[in-house]
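Asker: This is the structure I have questions about; it appears just below.
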Amino acid sequence: MPVLDDVSASQSQAQKREKRKLALNIAAYLSPIIIIVIVFVFAPLAIILFFGFLKSGPYGQIIYTFTFENVIAMMGGGYGKVFLRSVYLAFQTNFLCILFGYPIAYYIARFGGKRKILWIFMIIVPSWSSYLIRLYALKTLVGTKGTINTLLINLGLVSEPIQILYTNFAVTMALVFAWLPFMILPIYAALEGLDRSVLEAATDLGATPFRRFFRVTLPLTRGGLLAGSILVFIPTVGEWLVPSIFGGSKIMMAGSLVAHKFTQVGNIPQGSSLAIMLAATLVLILYLTIKWGGREALEKAL
Amino acid sequence: MKKKKRIAQKILWVLSILTLIFLWAPMILIMVYSFSNSKYGSSWEGFTLKWYAKLFTNDQVRDALMRSLIIAGVTVVIATLIGTMTAYGLFKLNFKGKQFLRTSILLPIVFPSVVTGGALLVFFTRLVHIPLGYPSIIIAHIVFCSPLAVFIILGRMQRFDWSWEEAALDLGATPFRTFLRVTGPQLLPAIMASAMLIFPWSFDDFVITYFVSGVGSTTLPIYVFSQLRFGATPVINTIGTLFVSITMLGMVLVYFVQKMGKSST
């Protein structure tokens, strides 16, 4: 009996030692990120969640009384509309990015040949060069005194510059312009990973190219589409620069509303509740995406 | 049949070229205009280099550039270090709450910048009183860059040959020595790649920086934004041209580093 006791005692001791070693390792490798997550991610979120239920005084000071005012203001009327428009614009952008992105991704993957690297390079460079500068460049092209208008007037096609800026069209175009590369790359990666023999099998079995694309290629690249959609959809919902440069004060989006409240008006409670609302909207959408497409898609997207 | 395929290929080619033109035309335009003699920077009136001369003698631009470089430099070093440690820990260790931690790390990337920026601004000004300027900007950048480093490096780790590390440990090397002599060098391409991707992220960030920068810490993107209100200016054209050129150079560099990494493993 004592022998057995000994064994189990040393076993539990070994277990303890293992446990302690694991805790030590976690502390050694993961403490910095845990601190960042707790202090600089969760704490700030908790603060704005708290501030979202407070009142703002006439000079931007915070009045510490609990109120549902901000939440109610969001539900009815103007703010709700802005949120709905943001989600709608994000869906539209996403759809257009797939529509324009799929053909070029497909072309590069199948017919790119030796120039594949060059094609990819031409898509990665815009995605990594300054976002702000790219938007500015697009504005130079389509502005009232921009290149397109100057050209049209010089050619005598129009007498007055056409108004492109501050329209729905301008905002949509700028969103697609900004985020298209982030859709092309994951689709391309998915197409590259496609098993060619499956496609050959489909052809051998008599599928028309059209049918083969919609029944085989498209479903098999679902992962890439999902990853691209996450990369495009999320930043689009919270977009601030595009609506402020291309929409002016006419076309607001949720992101510009939050930024406006925080940086221009200085109404922290309202900004906080709008920010929380925006974050909650995204978390909900993301949760549904993960449930539908698996978390790998999300991590692959990054 | 073959002819049909040819036509399909041609159509796809045309669509692809049109997409590329859409993506590149505005950039090429401002690159051309950066050499134009026009005061407004939105038409062609003869070749000049004077905007570049103006750019390099502009104190505001120089200060903003220095600030951005310092911030991005510090951020890259710290975020890459944290990213490497975290990725290693997440890969090697199994514990309760790991999945939760992974999801939490993703938050700063998936939340819109305005939310992260707003939350950090309130946190810095109302709760902990970290001075707005370098400290707040660098902390904010580390917060949104570290997760990126984690997932880039973690992705590479999953494709690794870990038997080398085991062999080193079996042969009696201390964990520290093993990391220094075996695992570290193997990880180097991944670490370099993440650093090279983080640098432009940090350097280029406008939204979060704008929220937490306070008065007087103008980074380059913030300077560009403040100039945008006055419409097109030739100096921004030159900045844009340099930006794109440097990005292209950086991309080529990343390509070769990755190629190096592939041939060494």
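The values are calculated or read from the model by the stated rules, or taken from the named source; none is laboratory data. Everything numeric here is computed off the predicted structure, so don't read it as measured data. Please note: Cβ atoms are built from the backbone with ideal geometry, for glycine as well, and neighbour counts cover all protein chains shown.
Asker: Please enumerate the residues belonging to the range A:127-144 that are part of a helix (DSSP H, G or I) and closer than 21 Å to B:Ser194 by Cβ. Give the derivation first.
Answerer: Residues of the range A:127-144 that are part of a helix (DSSP H, G or I), as a first pass: A:127-128, A:131-142.
Result: A:Ser127, A:Trp128, A:Tyr131.
Asker: May I ask you to verify whether A:Phe100 is within 23 Å of A:Leu191 (Cα to Cα), away from chain B (no Cβ under 14 Å) and in a helix (DSSP H, G or I)?
Answerer: On the way: within 23 Å of A:Leu191 (Cα to Cα): yes; away from chain B (no Cβ under 14 Å): no; in a helix (DSSP H, G or I): yes.
So A:Phe100 fails the test.
Yes/no per residue for (1) at pLDDT 90 or above; (2) more than 7 Å from chain A (Cβ to nearest Cβ):
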| residue | (1), (2) |
| --- | --- |
| B:Thr103 | no, yes |
| B:Gly118 | yes, no |
| B:Ile137 | yes, yes |
| B:Ala140 | yes, yes |
| B:Phe144 | yes, yes |
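Asker: What is the one condition in (1) under 22 Å from the mean Cα position of the chain (by Cα); (2) surrounded by fewer than 18 Cβ atoms within 10 Å (Cβ to Cβ) that B:Leu23 does not satisfy?
Answerer: Result: B:Leu23 fails condition (2) only.
Asker: From the set of residues in the range B:1-36 that are of a type in the set (Gly, Ala, Ser) and in a helix (DSSP H, G or I), which is nearest to the other protein chains (Cβ to nearest Cβ)?
Answerer: Going residue by residue through the range B:1-36, those that are of a type in the set (Gly, Ala, Ser) are B:8, B:16, B:25, B:34, B:36.
Then drop every residue that is not in a helix (DSSP H, G or I), which leaves B:8, B:16, B:25.
On the way: B:Ala8: 7, B:Ser16: 4, B:Ala25: 7 Å.
Among those that are of a type in the set (Gly, Ala, Ser) and in a helix (DSSP H, G or I), it is B:Ser16.
Asker: Go through the range A:238-253 and count every residue that is part of a helix (DSSP H, G or I) and either more than 8 Å from chain B (Cβ to nearest Cβ) or within 13 Å of the chain's Cα centre (by Cα) (or both).
Answerer: The number of residues fulfilling the criteria is 5.
Asker: In addition: Step by step: first the residues of the range A:35-66, then only those that are surrounded by 13 or more Cβ atoms within 10 Å (Cβ to Cβ) and more than 12 Å from chain B (Cβ to nearest Cβ), then the one that is modelled with the highest pLDDT. Which residue is that? Talk me through it step by step, then tell me what you get.
Answerer: Within the range A:35-66, the first condition is being surrounded by 13 or more Cβ atoms within 10 Å (Cβ to Cβ), and the residues that meet it are A:36-37, A:39-56, A:62.
Next, from what is left, pick out any that are more than 12 Å from chain B (Cβ to nearest Cβ): A:53, A:55-56.
Details: A:Phe53: 83, A:Lys55: 74, A:Ser56: 72.
Residue satisfying both the conditions and the ranking: A:Phe53.
Asker: Any idea which of B:Phe211, B:Phe160 is of a type outside the set (D, E, K, R) and either in a helix (DSSP H, G or I) or at pLDDT 85 or above (or both)? Even if it seems obvious, please write down each step before you answer.
Answerer: Values: B:Phe160 fails: either in a helix (DSSP H, G or I) or at pLDDT 85 or above (or both).
Answer to the check: B:Phe211.
Asker: Still on this structure, I have one more. Filtering the range A:126-137 down to residues that are free of Cβ contacts under 8 Å to residues at least 40 places away in the same chain and not hydroxyl-bearing (Ser, Thr, Tyr), which residue is farthest from B:Thr247 (Cα to Cα)?
Answerer: Step one: list which residues in the range A:126-137 are free of Cβ contacts under 8 Å to residues at least 40 places away in the same chain, which gives A:128-130, A:133, A:137.
Now narrow it down to the ones that are not hydroxyl-bearing (Ser, Thr, Tyr): A:128, A:133, A:137.
Numbers: A:Trp128: 7, A:Ile133: 12, A:Ala137: 16 Å.
Per the stated criteria, the residue is A:Ala137.
Asker: Select from the range B:37-53 the residues that are modelled with pLDDT under 85 and either acidic (Asp, Glu) or outside any loop (DSSP other than H, G, I, E, B) (or both) and list them in ascending order.
Answerer: Scanning the range B:37-53 gives a single hit, B:Glu45.
Asker: So B:Pro108 clears everything in (1) closer than 20 Å to B:Leu81 by Cα; (2) within 11 Å of chain A (Cβ to nearest Cβ); (3) touching a residue at least 40 places away in the same chain (Cβ under 8 Å); (4) surrounded by 23 or more Cβ atoms within 10 Å (Cβ to Cβ) except one condition, right? Which one?
Answerer: Only one criterion is unmet by B:Pro108, namely (3).
Asker: Of these, B:Phe91, B:Phe56, which one is over 27 Å from B:Gly240 (Cβ atoms) and more than 8 Å from every other protein chain (Cβ to nearest Cβ)? Talk me through it step by step, then tell me what you get.
Answerer: Working: B:Phe56 fails: over 27 Å from B:Gly240 (Cβ atoms).
Among B:Phe91, B:Phe56, only B:Phe91 is over 27 Å from B:Gly240 (Cβ atoms) and more than 8 Å from every other protein chain (Cβ to nearest Cβ).
Asker: While we're here: Tally up the residues in the range A:20-45 that are over 23 Å from B:Thr84 (Cα atoms) and either more than 36 Å from the chain's Cα centre (by Cα) or not in a helix (DSSP H, G or I) (or both), please. Don't jump to the end; show me each part of the working.
Answerer: Taking the range A:20-45 and keeping what is over 23 Å from B:Thr84 (Cα atoms), we get A:43-45.
From what is left, the residues that are either more than 36 Å from the chain's Cα centre (by Cα) or not in a helix (DSSP H, G or I) (or both) are none.
Of the residues in that region, 0 qualify.
Asker: Something else: Is it the case that the range B:253-265 has a residue that's under 23 Å from the mean Cα position of the chain (by Cα) and within 10 Å of chain A (Cβ to nearest Cβ)?
Answerer: Going through the range B:253-265, the residues under 23 Å from the mean Cα position of the chain (by Cα) turn out to be B:253-262.
Right, trim to within 10 Å of chain A (Cβ to nearest Cβ) and you get B:254-255.
Scanning the range B:253-265 turns up at least one residue that is under 23 Å from the mean Cα position of the chain (by Cα) and within 10 Å of chain A (Cβ to nearest Cβ).
Asker: Here are some residues: A:Pro269, A:Pro186, A:Pro235, A:Pro219. Which one is assigned to a helix (DSSP H, G or I), at pLDDT 90 or above and not hydrophobic (A, V, I, L, M, F, W, C)?
Answerer: On the way: A:Pro269 fails: at pLDDT 90 or above; A:Pro235 fails: at pLDDT 90 or above; A:Pro219 fails: at pLDDT 90 or above.
The unique qualifying residue is A:Pro186.
Asker: Let me ask something else about it. Mind listing just one residue for me: the one in the range A:75-110 that is within 24 Å of A:Met277 (Cα to Cα) and among the basic types (Lys, Arg) and, of those, modelled with the lowest pLDDT?
Answerer: My answer is A:Lys81.
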